[in-house]
Amino acid sequence: MRPHVVGHTHNTGPLVGTTPIPEQGSALSGSGLVWPMRAVLTPARWVSTLLILAGASVLACALALRFGAEAFTFPEIARILSGSLSHTDDPTAGAASAILLQVRLPRVILAYLVGSCLAAVGVGLQALLRNPLADPYVLGISSGAALGAAVAALLGLSTTILAISTLPLFAMMGGLLSIFVIYRITMSYGRLPVHVLLLAGVILNAIFSALIMFITSIMEPTRSFGMMQWLMGSLTAPDYPVLAVLAIYLAAGAFLLFRQARPLNVLTLGDEPARSLGVDAERVKKTVFFCSALLTGAVVSVSGMIGFVGMVVPHAVRMVIGPDHRLLLPASALVGGTYLVAADTLARVLLAPGEIPVGIITALAGGPFFIYLLVNRKSGVAQ
Amino acid sequence: MERRFQNGAHAYVVRGVSFSYGGHRADATRDLVWALRDLSCDIREGEVFGIIGPNGSGKSSLLKVLGRILQPAAGGLELFGQDLRGMRQDAVARAVALVPQDTLQVFPFTIAEVVLMGRFPHHQARWSLGALGWETEEDLRLAKAAMADLDIAHLAHRSIGDVSGGERQRAIIARALTQQPRVLLLDEPTAFLDLNHQIEICRTLRRLNETRGLTVVLVSHDLNLASQYCDRLMLLKEGRPFRIGTPDELIRPDTLEAVYGCAVLIDRHPASGLPRVTLPGRETRLPSPSPEGRGVR
C-alpha cells in the first residue's frame, strides 16, 4: 500500500465502502410483530405450570402416604385424614391411624419441605455464582451448617425461645461461615471458574467433616450413633412442633428469596451489567446468600445432609421451563419437594421393613447426574 | 460534518476524575496505580464520542466510571447537569445504558428475555406482589421495536447461548435501547465481530444517533472505525487525555506515535475523506515528513 499517493477524495456519500447496505429492519419495524411461543414468560404460563406441578406434588404425597412397611388403600387414608380433621374418634382405626398420622404424614411433610428448600437454595446459589453446578451440599454449606448444629448439640447451647428451637440458628451460622468463604473466593475471581468452585467445596467439606468427626468421637457412644444417623440424611418421623418451627424458618427464607427473582434474572448477566441495569448487586447477593444460609441451616438441623437435590432439581426444571427465576424458583421448590418425597418413599420401601437413609438415595441419583453434567460441558455448564 | 448538537448542551461534564482499582483498600502507604488521573472532558449531547488509546490507558475504566459501575476516588462528574454521585443506580440506568465488551450468559435466556431486561430500571418491584412484576404492554412494545431496529426480531425465541457473536452483540444493544437511555456507552462494540457485522453495528449506532439524538460514547481499539464514525475523539495516555478533538485533529502520525510509540501510515479514506490509519508493512520504507502532516514520521 502506498498511502501518500492516495490523497484526498472529497466524497460526501455514504460513510462506509461503496456497496450500499440495505437499511436494517425497516421492513420489520411495525407493531404487527408477533412473539414466537415461549419467547417470554407470560402470567398464563406461570399459573398453568405451577398448577400442574402442585397437582403432581399432591399426587406424589398421596402415593407416599399409601406405600411403606404398612400399605394403606386410598379410601383408608381419606377416612383417617378426615377423621383426624373432624376429631371423631374411630376406635377401629387405632394402630393404622397412629402409623399414618404420627409417623408417615409428618415424614412426608418434612421430606416435602426439605426438598423444596434445598431446590430453592440451589436455584439462588446457581444464579449468584452463575454456575449451574452450585449446590449447598457440593459447596460445603450443608456441612458448615451440620458443624454448627453439632457444636451447639455438643455444648448444649441450643435452647428454645418462645417454643422455637434455636438449633437452626446455630446451623445457619455454620452455613454462613461456608458462604462467607465462598463469597470471598468469588470476589477474588470475579466469576468463579467451575474447578475453583468445586475445589472450594471439596476443601470446605473436608475441613468441616473432620471437625464433625472429631465432635462425634468425643461424644458418648449412644449420642454419636444418633449423630451419624442424622448426618447421613434422615427424615425419620419428626413431631409436629418441630415441623411447625421448620415451616416458619422456611417460609421466611423462601419469601425473602422469592422477592429477589427479577433482580436474580438480571444478575445472571454478571455483576457489572446488572449494576448498569440498576440492580443493587451487592444487596441482592447478600440477601440471597443470607437466605441460602438460613434455609440450609434450618433444613440441615432437622434432616442432616441430603445431597444434590439443590443441583439436580433446578437443572432439570430449567431445561424444561426456562431460566426465568420468577417461575424457576417456585417451580423448583415444588419439584424439589416432590422429588424428595419420591426418594424418601423409595428409601422406606426398598428394604421394608428396614429403611435406607434418604441421603444415600439422593446421592446415588444425583452424583452420576453431576458427573454427566461435568463431562458434558455443553451450554456453558462448566467453563 | 453536520452539527447536530442541541444548543451545545453537555451529556457529561467530567472534572478532575481519578480512579484506582486499589483505591478501596485505603492503604495510604502503598503507591496506587491510577487507571485515571485528574481526567477532565466534556461530552456533548447528541454527539458520537470515541475514546481511543493504548492498552491500559484507562479507556474501559473511564466508560465504567461514566456508567457509575466504578466510583472515582476524586473529581466531579455531572450527567445532564446532575451530580452522578448523588444519583440512585436505577436513576442512572434510566439515563445511561452500557453495552459491555462481551456478555457471557450461562443460562439459556431467550433473546426476547434478555432484551426485556432493559426494562428493569423502569419498574422497580413493589413490595406487595413480591418479585413478579410482569412486563407491561409498553415494555413489550419497546422491546419489539428495539429488536426490529437491530434486525433480531426473528431470533426472539432463540437462546442467547445459541446465536452467533454478532447476533448476541445486537441483542445486547437492543437491550440497551430498551432501557430508553439518553446516552449509550459501548465498550469495544465491534471487538469480536467480522467485517460485515462491524459495519452493521456502526451504521446502526450512527443511525440511532441521527434519528433519536442518542448520545453515543464508545471505546475502541480500532482507530479507523473511530475515525469514520465518531464526531470527536479523546486519545487517552496513561489515564489522562492526551488530546481531544475531531478525527482530523487527532488521527495524525505525530500524535499517534507520541501515544502508541510506533510509527503508522495515515492517508485519507477514499469515500469519506476522513483520516485512515495503516500499519507499516514489512518492507515499507517510511517516507520523510510531508508538509501537510499527512505523511509519516
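Read the figures in this text as sums done on the coordinates, not as results from a lab. Everything quoted here is computed from the prediction, not taken from an experiment. Cβ sites come from the backbone with ideal geometry, for glycine too, and all protein chains shown count toward neighbours.
Determine ³J(HN,Hα), in whole Hz, for all residues of the range B:147-161 in sequence, where each value follows from phi through the Karplus function 6.51 cos²θ - 1.76 cosθ + 1.60 and θ = phi - 60°; x replaces Gly and Pro.
So the J values, rounded to whole Hz, are 5, 5, 4, 9, 6, 10, 4, 6, 9, 3, 8, 7, 6, 4, x.
Report the gain in length on full extension from A:Phe180 to A:Ile371: 0.36 nm times residue separation, minus Cα-Cα distance, nm rounded to one decimal.
Answer, rounded to one decimal: 66.1 nm.
List B:Ile52, A:Ile218, A:Ile356 from most exposed to least, where exposure is judged by having the fewest other Cβ atoms within 10 Å.
With the sparsest Cβ surroundings first, the list reads A:Ile218, A:Ile356, B:Ile52.
Please give the helix B:165-178 orientation as an angle from the longest Cα principal axis of chain B, in degrees from 0 to 90, rounded to the nearest 10.
60
Evaluate E = 1/(1 + (r/R0)^6) for A:Ala62 and B:Arg243, where r is the Cβ-Cβ distance and R0 equals 60 Å; express this FRET efficiency to the nearest 0.05.
The formula returns an efficiency of 0.20 here.
Return the long-range amide H neighbours of B:Phe80 (sequence gap of 5 or more, or a different chain), with a cut-off of under 5 Å between placed amide H atoms.
The answer is B:Tyr12, B:Val13.
What does the structure give for B:144-155 when I average, per residue, the other chain Cβ atoms found within 10 Å of the residue Cβ?
For peptide B:144-155, the averaged partner shielding equals 5.
Assuming 0.36 nm per residue, please report the length gained on full extension of the stretch A:Glu282 to A:Ala210 beyond their Cα-Cα distance.
So the extension gain works out to 22.7 nm.
Under the rule a/c < 1.5 gives rounded, and otherwise a/b versus b/c splits prolate from oblate, where does the range A:195-321 land using the Cα gyration tensor?
Verdict is prolate for the range A:195-321.
For the range A:260-362, compute the orientation-averaged projected area of the C-alpha convex hull (one quarter of its surface), in nm².
Convex hull of Cα atoms, orientation-averaged projection: 7.2 nm².
Starting from the Cα of B:Lys144, draw a straight line to each of the aspartates and glutamates and keep only those under 16 Å, dropping any in the same chain fewer than 8 residues away.
List returned: B:Glu113, B:Glu135, B:Glu167.
Chymotrypsin sites (Phe, Trp or Tyr not before Pro), restricted to the range B:52-143: which are DSSP loop and have at most 16 other Cβ atoms within 10 Å?
When the chymotrypsin sites (Phe, Trp or Tyr not before Pro) of the range B:52-143 are filtered for loop state and at most 16 Cβ neighbours within 10 Å, B:Phe80, B:Trp127, B:Trp134 remain.
Need one number: nm distance between label points at A:Ala316 and A:Val349, each 7 Å from Cα along Cα→Cβ, rounded to one decimal.
1.5
Which far-off residues, 5 or more places away or on another chain, put their amide H under 5 Å from the one on B:Leu98, with H placed in the peptide plane?
B:Leu185
Each label point is 7 Å from the Cα along the Cα-to-Cβ direction; what then is the distance between the points at B:His154 and A:Val242, in nm?
In this crude label model, B:His154 to A:Val242 measures out at 6.1 nm.
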